[in-house]
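In what follows, a single structure is set out as structure tokens and then discussed.
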Amino acid sequence: MSEATEGDGWEVDPDDEQGAAVVATAGRQLRSWRESAGLKVPEFAEAMGYGEGIVYKVEGGKRIPRPEYLDRADEVLGARGIVAGLKEDLREVRYPKKVRDLARMEARAVDIQWYGAHDIHGLLQTEDYMRALFEMRQPAYTAAEVDRVTAARMDRQSVIAKEPAPALSFVLEEVALRRPLGGKMVLRGQLQRLLELAQLPNVSLQVMPIDREEHAGVDGSITVLRFGDGTAIGRSPGVASGRPVDDPKHLRVLELRYGMIRAQALTPRESRAFTEQLLGET
């Protein structure tokens, strides 16, 4: 039987204490189920169709198993869904900690404002588009890492349709909508996705044309998230050296700049027409 490969799961980030604890707990439960079934590791690995190495790593809390591993283990052990149920516990921790933290903040937000200096926000990307971006990354991701970060970004998009729906405002640069990252078909799919999202009542999409002679976004991208308790957090390369800020003074600067950017960009209606035009040209 072949030994563990990246396709058999994900390594645990040693700096992610919370995630490591969850994985260790799941590993102990799997070991307990295996031993209760009277199976040695070689026997269990053979029945599972995995190498012994992956079994030892999963049970030792050193590797995050894929959902299909847990499904197979549930079947082999006759756990009647209990082992398979560990998928929910492990769903979040399989993603990098910084991605989980961002997803939690987005899930809490009642209002998200974003201006991108050269890209398209992850909440708006198609799977093909984000996969193309991750495959271009340098230093290069492995295929398993591409799968991992793509799945994490796709999961974040559930915030768009949650109830109550948050107010989402995005301003995109024209150049980001013209650059055919991943190829023309990938770009076409991305433009179509933007047009679909623009129809949602809680989503505002605007385009900043490249021919604007005045532009309040010259200091870089802007993100502001407001929460239900009245607090907020924001970030921009041009404020506080790019560090996240939550004090009113810095937030006022970010919101002032964002408001000016929105005023200088095409209106949402004009932006939809412009995106349709780009789609027809692509």
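The values are calculated or read from the model by the stated rules, or taken from the named source; none is laboratory data. Quick caveat, the model's predicted, so the values are computed rather than measured. Cβ sites come from the backbone with ideal geometry, for glycine too, and all protein chains shown count toward neighbours. Heavy atoms of the whole protein, side chains included, go into the accessibility calculation; ligands, DNA and RNA do not. Shrake-Rupley method; radii C 1.70, N 1.55, O 1.52, S 1.80 Å.
The single condition among (1) of a type in the set (A, V, I, L, M, F, W, C); (2) in a helix (DSSP H, G or I); (3) farther than 24 Å from ARG131 by Cα; (4) open to solvent by less than 60 Å² (accessible area, probe 1.4 Å) that ILE233 does not meet is (2).
Mind checking which pairs have a first residue in the stretch 40-64 that is among the small types (Gly, Ala, Ser) and a second that is in a helix (DSSP H, G or I) and open to solvent by 20 Å² or more (accessible area, probe 1.4 Å), Cβ under 6 Å, 6 or more apart or different chains? Once the first residue is among the small types (Gly, Ala, Ser) and sits in the stretch 40-64, its partners that are in a helix (DSSP H, G or I) and open to solvent by 20 Å² or more (accessible area, probe 1.4 Å) give ALA45/GLU52; ALA47/VAL76; GLY61/ALA24. Pull out all pairs, ordered by first then second residue, where Cβ-Cβ is under 6 Å, the residues are six or more apart or on different chains, the first lies in the stretch 130-156 and is over 22 Å from PRO180 (Cα atoms), and the second is assigned to a helix (DSSP H, G or I) and modelled with pLDDT under 95. Short answer, once both residue conditions are applied: THR142/GLU6; ALA144/GLU6; ALA152/VAL99; ARG156/ALA103. Within the stretch 75-96, no residue that is in contact (Cβ under 8 Å) with a residue 12 or more places away in the chain sits with its Cβ atom under 9 Å from a residue that is among the polar types (S, T, N, Q) and part of a loop (DSSP other than H, G, I, E, B) at 6+ positions apart or across chains. For ASP71, all conditions in the list (1) within 22 Å of ALA151 (Cα to Cα); (2) modelled with pLDDT under 95 hold save one; what is the number of the exception? Evaluating ASP71 over (1) within 22 Å of ALA151 (Cα to Cα); (2) modelled with pLDDT under 95 leaves (2) as the failure.
Just one of the listed residues (GLY189, GLY182, GLY234, GLY238) is more than 25 Å from TYR95 (Cα to Cα) and at pLDDT 95 or above, namely GLY189. The set of residues in the stretch 111-141 that are surrounded by fewer than 19 Cβ atoms within 10 Å (Cβ to Cβ) and in contact with a Pro (Cβ under 7 Å, 6 or more places away or on another chain) contains only ASP111. Which residues, counting only those in the stretch 172-183, are in contact with a Ser or Thr (Cβ under 9 Å, 6 or more places away or on another chain) and open to solvent by less than 50 Å² (accessible area, probe 1.4 Å)? If the condition is that a residue be in contact with a Ser or Thr (Cβ under 9 Å, 6 or more places away or on another chain) and open to solvent by less than 50 Å² (accessible area, probe 1.4 Å), then LEU172, LEU177 are the ones that fit. For the stretch 76-90, the set of residues classified as under 17 Å from GLU43 (Cβ atoms) and of a type in the set (A, V, I, L, M, F, W, C) consists of VAL76, LEU77, ALA79, VAL83, listed by residue number. Among the conditions (1) open to solvent by 40 Å² or more (accessible area, probe 1.4 Å); (2) within 15 Å of TRP114 (Cα to Cα); (3) not in a helix (DSSP H, G or I), the only one that GLU214 does not satisfy is (2). Of all the listed residues (GLY61, GLY81, GLY9), the sole one being on the phi > 0 side of the Ramachandran plot, out of contact with any strand residue (DSSP E or B) (no Cβ under 7 Å at 6 or more places or on another chain) and surrounded by 19 or more Cβ atoms within 10 Å (Cβ to Cβ) is GLY61. Give the residue that is farthest from the chain's Cα centre (by Cα), with candidates limited to residues of the stretch 85-100 that are at pLDDT 85 or above and open to solvent by 20 Å² or more (accessible area, probe 1.4 Å). Looking at the filtered set, the residue picked out is GLY85.
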